[in-house]
Amino acid sequence: MTSPEVSQVTGEQVTFRQARYHLPLNATEILLVRHGESAPAVTGRPFPLVDGHGDPPLAPDGLVQATRVADHLVNTRIDAIYVTTLRRTVQTAAPLAARLGLTPAVCADLREVHLGEWEGGLFRQRVAENHPIAVRMRAEQRWDVIPGGESTEDLGARVRRGMARIATAHPDQRVAVFTHGGVIGQIIAEATGCGPFAFVGADNGSVSCVVVTETNWLVRGYNYIGHLG
């Protein structure tokens, strides 16, 4: 809810306009961009790992999505760009960073959910097969149903740490964070109090928006894809 704008009218009447939203003082507006579509998983050819996380490059369609993200955001005031340790976010951010003349910083805490024994592309296969553990994972809304998978509590802690670090560094600014579907889902769930998996469906190349203040997170948009065609 925004504060009403008050304007004096002739006589004793006062009008209260429905005002536009204004960023609170010292708040940070964070644009959460999900990376473009990554390369397909191929049976028997696992993705390379970075710190235990599968690290596929972008697929050709993902590169197109990265360009369309840049086209969409290039005329938006953006004060900083962040990526994760995984190259699909770096590749997605590259066109926008080049056009804005910004060098992306790395926020490792916003890397994708760790999928334990299903890293390297196996997760996609097991979900496509409707594997019993995948069914249980969705029902319980917990990644750590997967053997060795990251717990909701651990994911939430590092996501909050990463968001706090970015917000502290950029008061009264707008930041584009190129990150992952599981992380975006966790951020929106944290902001809204919804179930852990309520928002894990962000599209590749989509843009969501969260405002971070000292006391809360406010969702201003989720999964905008109008620029993708």
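The values are calculated or read from the model by the stated rules, or taken from the named source; none is laboratory data. Keep in mind the model is a prediction, meaning the values are calculated, not measured. Every residue, glycine among them, receives a Cβ derived from its backbone with ideal geometry; neighbour counts consider all protein chains shown. These area figures cover heavy atoms from the full protein model, side chains too; ligands, DNA and RNA do not enter into them. Shrake-Rupley method; radii C 1.70, N 1.55, O 1.52, S 1.80 Å.
Side notes on the structure shown:
- Accessible-area order (highest first, 1.4 angstrom probe) of the listed residues 21, 224: 224, 21
- The angle separating the long axis of helix 60-73 from the principal Cα axis of greatest extent in the chain is about 10 degrees.
- Extension gain, residue 218 to residue 172: 0.36 nm times the residue separation minus the Cα-Cα distance gives 15.1 nm.
- The simple Förster model, with R0 at 41 Å and r as the Cβ-Cβ distance, assigns residue 16 and residue 161 a FRET efficiency of 0.55.
- Extension gain for residue 75-residue 192 works out to 39.2 nm (0.36 nm per residue, less the C-alpha to C-alpha distance).
- Estimated translational D of the chain in µm²/s (Stokes, Kirkwood radius over Cα pairs; 25 °C; 0.890 mPa s): 131
- Think of region 24-98 as a dipole: +1 on every Lys or Arg Cβ, -1 on every Asp or Glu Cβ, centred on the Cα centre; then among 90, 38, 26, 38 lies furthest on the positive end.
- Nearest-ten-degree value, helix 152-169 long axis tilted from longest Cα axis of the chain: 50
- Protein accessible area in region 34-106, 1.4 Å probe - carbon and sulfur %: 54
- Antiparallel DSSP beta bridges within the chain, as percent of all bridges there, nearest 5: 60
- Chain lengthening between residue 138 and residue 23 when straightened (0.36 nm per residue, less Cα-Cα): 37.8 nm
- Three-way shape call for region 146-229 based on the alpha-carbon gyration tensor, with the a/c threshold at 1.5: oblate
- The chain: angle of helix 87-100 to the longest principal axis, Cα-based, in degrees nearest 10: 40
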